[in-house]
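To start, the structure under review is shown below, and the notes come after it.
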Amino acid sequence: MRRVSIGLLGLGQIGSEVYRVISRKRSLFQKRYDVRFDITKILVKNTKKKRFKSLDSKLLTSKPSDVLKDPSIDLVIELVGGVALAKKFVLEAFRNGKDVVTANKALLAEEGESIYKEAKKLGRQIFFEASVGGGIPVIKSLREGLAANHIHSILGIINGTSNYILTQMSQHGVDFDVALQEAQAKGYAELDPTFDIEGVDAAHKIAILARYSFEQKIPFKSVDCEGIKHISQHDIDFAKRFGYSIKLLAIAKKQKDGIEARVQPTLLPNNHILAKVDGSFNAILFEGDEVGEVLLYGKGAGPEPTASAVLSDVIDWAKGIRSNLPRTSKSQVKVKSISSILSRYYLRFSVIDKPGTLSYISGILGKHNVSISNVIQTEKKSGTTVPLILLTYKGHEADIRTAVKKIDSNRSVIREKTRVIRIES
Ligand code: HSE
């Protein structure tokens, strides 16, 4: 039987779970795959910190070289997170002849090109299933099951924390902050939860998916990123009245004139397959030229699903499966600027309820080629303003933004910044 000696970098929630699963399932893996997996060194910041009971504390070290330079270690699992230090460790592992499994989406989205280049140069492998979609086998599906396709569209709910918060707000009227605290307590959120609620985590993941699927370099800064922190209970309730759910969607489309890549809160019609993806669940809808639509669905956050993905990579590596670094096609197209996209829009104005308001707003929208498809205005109950909600037909982002800016500048009609949310159908 083969023995695989693993060096673990980082022992946070995911690292601890990887350790526990390997200990618990060692004999199962031996029977199934004829391989014995042993974690033989673990890099931590503080070797004295009290951790879980089953941990063999003799394995802990605070010296990176104890893992990266140990010739008896066959495979390195990088779970330290962050970018700069993780990059240093991964490159050092490669240079010491070790392949790497990582869950680090920030690292691959922001520094992927230099990592793939170095891996290629040194003939090393990097596996990153756990970087996208928690326990869902997304990268494996692209690498294997969808290998015969050109993928031209990806729509994903790929941040479990945001999806959990929006679901709690929508189904139970829970406050944003309370729902966020719950998501943190359940281990869904990043160490810095602003990455979740500002859409950065989902942007990292869609950059990785678009890079892999479209065989195009995706500079991370070209991914337009808007999170859910401005979504209010009002928006969720009005969306419902029109027959929509609000979801944080990651979108990547490959078109002849460029690539669209963005993360945005989105109104999805209730009969859209992604509108039914609730809680911390993730789902990714791919469209390939041969297969058509494929939906992958499962738990997108939390230590157990993420450890499941990490271990699937470890097992694949032990079986001799190659990670297949993202290819780079000869014809590279640019990521389009957000102002050039076409979309439908939900606009929530806070208006002063007086004669002429509606015609003023619709007049400016009309002048900018924006056509209205649906309207709701509630009656005044208290205060001076009322919400006026318009849905539009498809228009250019640049036209919508110019029109809304103009409308918002008229303080005798509008009192608060207008909320603009894109609609996907
Ligand atoms: N914070 C991430 C999420 C964890 O909420 O989806 C998985 O990457």
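The values are calculated or read from the model by the stated rules, or taken from the named source; none is laboratory data. Predicted, not measured: the structure shown is a model, and the values here were computed from it. Please note: Cβ atoms are built from the backbone with ideal geometry, for glycine as well, and neighbour counts cover all protein chains shown. Heads up: the accessible areas ignore ligands, DNA and RNA and are worked out on the full protein's heavy atoms, side chains in. Shrake-Rupley method; radii C 1.70, N 1.55, O 1.52, S 1.80 Å.
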request  = Consider residue 61 carefully, then state whether it is within 21 Å of residue 35 (Cα to Cα) and among the polar types (S, T, N, Q).
outcome  = no
key: Residues of segment 397-413 satisfying the condition of being without any contact (Cβ under 8 Å) to a residue 60 or more places away in the chain and open to solvent by 90 Å² or more (accessible area, probe 1.4 Å)   = 405, 406, 411
request  = Only residues in segment 238-261 that are within 19 Å of residue 287 (Cα to Cα) count as the first member; pair them with residues that are of a type in the set (Asp, Glu) and open to solvent by 10 Å² or more (accessible area, probe 1.4 Å), Cβ under 7 angstrom, at least 6 apart or cross-chain, and list the lot.
outcome  = 249/424; 251/260; 252/260; 253/260
task = Output the number of the condition that residue 152 fails; it satisfies all remaining conditions of (1) within 12 Å of the ligand (Cβ to nearest atom); (2) more than 20 Å from residue 300 (Cα to Cα).
result = (1)
key: Residue list for segment 214-226, filter: out of contact with any Ser or Thr (no Cβ under 7 Å at 6 or more places or on another chain) and open to solvent by less than 30 Å² (accessible area, probe 1.4 Å)   = 214, 218, 223
key: Among residues of segment 158-198, those that are within 11 Å of the ligand (Cβ to nearest atom), open to solvent by less than 10 Å² (accessible area, probe 1.4 Å) and either over 15 Å from residue 282 (Cβ atoms) or part of a loop (DSSP other than H, G, I, E, B) (or both), counted   = 2
ask   = In segment 286-316, which residues are more than 10 Å from the ligand (Cβ to nearest atom), open to solvent by 70 Å² or more (accessible area, probe 1.4 Å) and within 20 Å of the chain's Cα centre (by Cα)?
value = 293, 297, 304
task = Within segment 231-242, identify whether any single residue is open to solvent by less than 30 Å² (accessible area, probe 1.4 Å) and part of a strand (DSSP E or B), and answer yes or no.
result = no
Checklist (1) open to solvent by 60 Å² or more (accessible area, probe 1.4 Å); (2) touching a residue at least 24 places away in the same chain (Cβ under 8 Å); (3) charged (D, E, K, R); (4) more than 16 Å from the ligand (Cβ to nearest atom) applied to residue 211, failing item = (1)
message = Given the criteria of a type in the set (A, V, I, L, M, F, W, C), in contact with a helix residue (DSSP H, G or I) (Cβ under 9 Å, 6 or more places away or on another chain) and closer than 22 Å to residue 340 by Cβ, does residue 252 qualify?
response = yes
task = Restrict the check to segment 375-392 and report whether at least one residue is among the small types (Gly, Ala, Ser) and either in contact with an Asp or Glu (Cβ under 7 Å, 6 or more places away or on another chain) or assigned to a helix (DSSP H, G or I) (or both).
result = no
query = Going through segment 7-47 one residue at a time, which ones are open to solvent by less than 70 Å² (accessible area, probe 1.4 Å) and basic (Lys, Arg)?
reply = 26, 41
ask   = Take the residues of segment 110-140 that are open to solvent by 10 Å² or more (accessible area, probe 1.4 Å) and closer than 14 Å to residue 210 by Cα: which is nearest to the ligand (Cβ to nearest atom)?
value = 110
ask   = Would a scan of segment 19-36 turn up a residue that is among the acidic types (Asp, Glu) and outside any loop (DSSP other than H, G, I, E, B)?
value = no
task = Only one of these is out of contact with any strand residue (DSSP E or B) (no Cβ under 7 Å at 6 or more places or on another chain) and either more than 18 Å from residue 15 (Cβ to Cβ) or touching a residue at least 60 places away in the same chain (Cβ under 8 Å) (or both): 54, 141, 114, 153. Name it.
result = 114
note = Considering segment 335-379, residues that are among the basic types (Lys, Arg) and surrounded by fewer than 13 Cβ atoms within 10 Å (Cβ to Cβ), and then whichever is nearest to residue 115 (Cα to Cα), we arrive at 367
inquiry  = Given the criteria without any contact (Cβ under 8 Å) to a residue 24 or more places away in the chain and within 31 Å of the chain's Cα centre (by Cα), does residue 45 qualify?
reply    = yes
message = Which condition from (1) open to solvent by 50 Å² or more (accessible area, probe 1.4 Å); (2) in contact with an Asp or Glu (Cβ under 8 Å, 6 or more places away or on another chain); (3) closer than 30 Å to residue 262 by Cα is the one that residue 89 breaks?
response = (1)
